[in-house]
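Remarks on the structure that follows.
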Amino acid sequence: MLKTAAQEQLLPGDTLQAKWEFAQAAGYDAIELRGKGDLHFASRLDELKQARKDGVVMPTVCVDMLHFLGAFDTDLRRDAVAQMKSQLTVIAEIGGVGAQTPASYGMFSRRLPPFEPPRSDSEDREVLLAGLAELGEHARKEGVTLFLEPLNRYEDHMVNRLEQAADLIRATGLDSVRIGIDSYHMNIEETDPAAAILAHADVIGHAQVSDSNRFQPGAGHLDWSAWLGALHTIGYDGHLALECRLTGDPADAVRSVPAFLKRSGA
């Protein structure tokens with residue numbers, strides 16, 4: 001059965017409870033949280049626990065920070081890992097499933113000058129494996145999962161395709177690290193997005209959705225029937241978390257998504 005979630009910043013309302021009321025009325029099954037840096041997510045623990053008591057379903061958190069586990073600077077890498085450990089702990093405390101992060105975001109692109117990053121491919125791999133192993137072990141102890149998200153070539157130079165994420169994850173040997181796929185990035189990077197899902201079914205753990213233009217599903221040209229069909233084929237039973245910009249009236253745009261995805265995945 002197809003389950004949908006909306007990221008909290010897309011939902012109207014001043015509290016998670018108010019956002020949840022809107023989300024349920026629109027046909028969503030959950031809210032995906034956003035985890036800022038400086039331990040901001042941990043500072044929300046009381047709020048999140050109360051929301052859970054009030055029935056708000058919050059299975060996942062998506063990182064919203066300025067630096068990540070693949071940062072060039074050692075101190076920034078350490079901080080990113082510490083922040084992600086905290087987010088994994090918090091999502092575990094509220095009964096969630098896991099936390100999603102890219103290797104980096106906006107740090108470097110081989111598609112723009114100067115084209116060559118300051119680290120070699122082997123050094124990138126070493127850094128990423130170390131960070132994923134540390135975070136994956138922490139996730140395992142907390143009983144949750146770390147989701148590694150491949151980003152498109154203009155946003156990250158290290159992990160762009162599912163096969164790259166899968167290679168790193170398999171190298172860690174940890175079941176607590178999985179791929180968090182994103183339809184927008186896959187539309188740019190994968191030759192055949194549906195085939196990529198089928199090829200790496202064993203390491204896919206979470207899914208985020210937006211259309212080819214980063215607007216809500218239905219506002220672009222992504223082949224949703226094929227994409228959702230592949231997820232159905234592999235038996236994906238997690239949420240489809242809406243992460244996008246909105247075109248048209250924001251509330252109407254958010255409301256349109258669950259019904260659109262259900263029609264497209266039928």
Identify the residue in the range 16-33 that is open to solvent by less than 70 Å² (accessible area, probe 1.4 Å) and in a helix (DSSP H, G or I) and, among all such residues, is nearest to H239 (Cα to Cα).
A23
Any idea how many residues of the range 34-73 are part of a loop (DSSP other than H, G, I, E, B) and either over 18 Å from G106 (Cα atoms) or over 15 Å from the mean Cα position of the chain (by Cα) (or both)?
16
Do you know which residues across the range 230-245 are touching an Asp or Glu at 6+ places or on another chain (Cβ under 9 Å) and either part of a loop (DSSP other than H, G, I, E, B) or without any contact (Cβ under 8 Å) to a residue 60 or more places away in the chain (or both)?
I234, E243, C244
Given (1) exposed (fewer than 15 other Cβ atoms within 10 Å of the Cβ); (2) part of a loop (DSSP other than H, G, I, E, B), where does Q9 come up short, assuming only one miss?
(2)
Limited to the range 41-92, what total is found for residues that are touching a Ser or Thr at 6+ places or on another chain (Cβ under 7 Å) and of a type in the set (F, W, Y)?
2
So how many residues does the range 233-247 have that are of a type in the set (D, E) and surrounded by 14 or more Cβ atoms within 10 Å (Cβ to Cβ)?
1
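Of all residues in the range 56-113 being polar (S, T, N, Q) and over 29 Å from T15 (Cβ atoms), which is modelled with the lowest pLDDT?
In this case the residue turns out to be S109.
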Scan (1) under 21 Å from Y28 (Cα atoms); (2) surrounded by fewer than 19 Cβ atoms within 10 Å (Cβ to Cβ); (3) under 17 Å from the mean Cα position of the chain (by Cα) for the single condition S212 breaks and write down its number.
(1)
Looking at the range 248-262, can you tell me whether even one residue there is under 16 Å from the mean Cα position of the chain (by Cα), buried (at least 21 other Cβ atoms within 10 Å of the Cβ) and part of a helix (DSSP H, G or I)?
no
State all residues of the range 89-116 that are surrounded by 16 or more Cβ atoms within 10 Å (Cβ to Cβ) and over 20 Å from V127 (Cα atoms); if no residue qualifies, say none.
T89, V90, I91, A92, I94, G96, V97, G98
Selection within the range 73-88 - closer than 19 Å to A165 by Cα and open to solvent by 40 Å² or more (accessible area, probe 1.4 Å):
R77
For the range 158-178, how many residues are surrounded by fewer than 19 Cβ atoms within 10 Å (Cβ to Cβ), part of a loop (DSSP other than H, G, I, E, B) and among the hydrophobic types (A, V, I, L, M, F, W, C)?
1
For the range 129-152, what are the residues that are in a loop (DSSP other than H, G, I, E, B) and buried (at least 18 other Cβ atoms within 10 Å of the Cβ)?
V144, P150, L151
Looking at E155, E126 in this structure, which one is free of Cβ contacts under 8 Å to residues at least 12 places away in the same chain, farther than 17 Å from D202 by Cα and either of a type in the set (D, E) or assigned to a helix (DSSP H, G or I) (or both)?
E126
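The values are calculated or read from the model by the stated rules, or taken from the named source; none is laboratory data. Please read all numbers here as calculations on a predicted model, not as lab measurements. Cβ sites come from the backbone with ideal geometry, for glycine too, and all protein chains shown count toward neighbours. Quick note on the areas: whole protein, heavy atoms, side chains included, nothing else; ligands and nucleic acids left out. Shrake-Rupley method; radii C 1.70, N 1.55, O 1.52, S 1.80 Å.
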